[in-house]
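Here's the structure, in structure tokens; my notes come after.
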Number of protein chains: 2
Amino acid sequence: MLEELKLTKYDKSNEYSYTFGIFPTFELVKNRYNEVLKIIFSTKLKMSEDIEKLVQICKEKKIKVEYNDKLINRLASKENCFVIGVFKKFISSLCSNKNNLVLYHPSDMGNMGTIMRTMLGFNINNLIIIKPAVDYFNPKVIRASMGAIFSLNIVEFDSLEEYLNFSKNKKYFFMLKGKKVLGKFKIEDGKFDLIFGNEASGLPDDLLDYDESVVIKHSDKIDSLNLPISVGIALYEFSKSSL
Amino acid sequence: MLEELKLTKYDKSNEYSYTFGIFPTFELVKNRYNEVLKIIFSTKLKMSEDIEKLVQICKEKKIKVEYNDKLINRLASKENCFVIGVFKKFISSLCSNKNNLVLYHPSDMGNMGTIMRTMLGFNINNLIIIKPAVDYFNPKVIRASMGAIFSLNIVEFDSLEEYLNFSKNKKYFFMLKGKKVLGKFKIEDGKFDLIFGNEASGLPDDLLDYDESVVIKHSDKIDSLNLPISVGIALYEFSKSSL
């Protein structure tokens, strides 16, 4: 079955996606080995400790390894890449009774990957995405996440309402007009959700009166902090006591 | 003189650089109008309030405006861009007796631009760059900064020693092995420098004993936070009392 698959350049409608480069590929085989179809090596690949480790783990997990320059060029023509992991897109479910990070209408793939990596750095493993949103399995997201995506639980919701009905955690909506200033209020005990809006348009104003709305104070010389920076600062502040 | 200039695709050795798009071009004419050679519009540009404002400010500052699709295509072939600002690279000097952000061997243009914007958001206007470093006038930096570069004072140093001799501010070196944990110590009054290392290799270990070394605590599931996120968190923590 796998052999019959004609692998093509990534497209959202594909059942599989790719990791480009050693680092995310390593995270893939370490954390999601059941989903791996195969690992493709370029014949130009130079041996290194990292590659040895990767080969070793492929052996242990009985993951197929193939040397195929043509395929690498087809899948990653612009990427100057010597290792590709091919994996089946997987469905994950959220760990219940955990904190969640929520992205409402995220539109930038690099931002989403950076946020995934930062979440992992602050021990938040549940990511909720409210659609419309960029395709989180796009190799650009995976690369920006440096493979963090393979350690996270990710669930998409079709609407804000669906999410609001789902989560019982205390909700902190990050908004420029937020009523509380981050760092100037006591964070309650218990599970929380941190919710961030779209890069350009933020969150809908009517959320200002739903649970808590929070602003990260910045100077008036910029319109807003960029999204991954805001998320990083919020995760830092909310994790302070636990790290 | 200006008319004789044959403008070419950006190169580090050029005397001039470019802003691509309305937003950074607006910041350019607002903050560095003396350095502007001209503004180039595409004939495909659609009128908007923002464009009106830009045209108005060009008139006030007697900045030359030109409609030239060919030139736009030559300078920004891949950018899908309708406005370009052309400006002479300028030399700035640091405001004395202010806080500084210091980047040691920064290697990523997008990161540098994002950091510039974040600095402006936290009222830090002095940027010190220790070479080797990416070219901060590259249009990619300017775009990532969203024009924040035109509100900053930026100075390059040839070596760490040169910088250490120059600045009398209290120095906080951000390092994975840092001795103090950000958020868990009292920040002294007085001017400070926040110093961040290269994306891949960080700062030299011998700085651990120079003034203060600081770590931003994160989980062991990632090697390190990414550079702009670390800078954002540090700026947030150090600006808390002042914003």
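Quick notes on this one:
- Residue in region A:78-116 that is surrounded by the most Cβ atoms within 10 Å (Cβ to Cβ), counting only those that are of a type in the set (S, T, N, Q) and in contact (Cβ under 8 Å) with a residue 12 or more places away in the chain: A:Thr114
- Contacts under 7 angstrom Cβ, first residue in region B:232-243 being more than 17 Å from B:Lys180 (Cα to Cα) and more than 9 Å from chain A (Cβ to nearest Cβ), partner of a type in the set (S, T, N, Q) and outside any loop (DSSP other than H, G, I, E, B), 6 or more apart: none
- Residue in region B:135-150 that is within 14 Å of another protein chain (Cβ to nearest Cβ), touching a helix residue (DSSP H, G or I) at 6+ places or on another chain (Cβ under 9 Å) and within 19 Å of A:Arg117 (Cβ to Cβ) present: yes
- Of residues in region A:146-161 being out of contact with any Phe, Trp or Tyr (no Cβ under 9 Å at 6 or more places or on another chain) and outside any strand (DSSP E or B), the one surrounded by the most Cβ atoms within 10 Å (Cβ to Cβ): A:Ala148
- Which listed residue is among the hydroxyl-bearing types (Ser, Thr, Tyr), under 16 Å from B:Asn138 (Cβ atoms) and without any contact (Cβ under 8 Å) to a residue 40 or more places away in the chain, from B:Ser17, B:Ser13: B:Ser13
- Matching residues, region B:125-145, being buried (at least 24 other Cβ atoms within 10 Å of the Cβ) and assigned to a loop (DSSP other than H, G, I, E, B): none
- Taking the criterion of being crowded, with 18+ Cβ neighbours inside 10 Å and assigned to a helix (DSSP H, G or I), the only residue of region B:162-178 that qualifies is B:Tyr163.
- B:Ser107 of a type in the set (Ser, Thr, Tyr), outside any helix (DSSP H, G or I) and either within 22 Å of B:Ala234 (Cβ to Cβ) or modelled with pLDDT under 90 (or both): yes
- Qualifying positions in region B:192-231 - within 10 Å of another protein chain (Cβ to nearest Cβ), within 23 Å of the chain's Cα centre (by Cα) and small (Gly, Ala, Ser): B:Ser224, B:Ser230
- Of all residues in region A:154-174, those that are in the same structural domain as A:Tyr136 (by TED's automatic domain parsing) and of a type in the set (Phe, Trp, Tyr) have Cβ atoms under 9 Å from Cβ atoms of residues that are buried (at least 17 other Cβ atoms within 10 Å of the Cβ) and part of a helix (DSSP H, G or I), 6 or more apart or on another chain, in A:Phe157/A:Tyr163; A:Tyr172/A:Ala234; A:Tyr172/A:Phe238; A:Phe173/A:Leu207; A:Phe174/A:Ser230; A:Phe174/A:Val231; A:Phe174/A:Ala234.
- Count of residues meeting criterion [buried (at least 22 other Cβ atoms within 10 Å of the Cβ), touching a strand residue (DSSP E or B) at 6+ places or on another chain (Cβ under 8 Å) and part of a loop (DSSP other than H, G, I, E, B)] in region A:179-233: 3
- Extreme residue, nearest to the chain's Cα centre (by Cα), among residues of region B:9-37 that are among the aliphatic types (A, V, I, L, M), modelled with pLDDT of 95 or more and surrounded by fewer than 23 Cβ atoms within 10 Å (Cβ to Cβ): B:Val36
- Checked against (1) touching a strand residue (DSSP E or B) at 6+ places or on another chain (Cβ under 8 Å); (2) within 30 Å of A:Lys171 (Cα to Cα), A:Asp108 passes all but condition (1).
- Residues located in region A:33-76, provided they are assigned to a loop (DSSP other than H, G, I, E, B) and not polar (S, T, N, Q): A:Lys44, A:Leu45, A:Lys46, A:Met47, A:Lys61, A:Lys62, A:Ile63, A:Lys64, A:Ala76
The values are calculated or read from the model by the stated rules, or taken from the named source; none is laboratory data. Being a predicted model, the structure only gives us computed values, none of them experimental. Quick reminder, even Gly has a Cβ in these numbers, built from the backbone with ideal geometry, and neighbours come from all protein chains shown.
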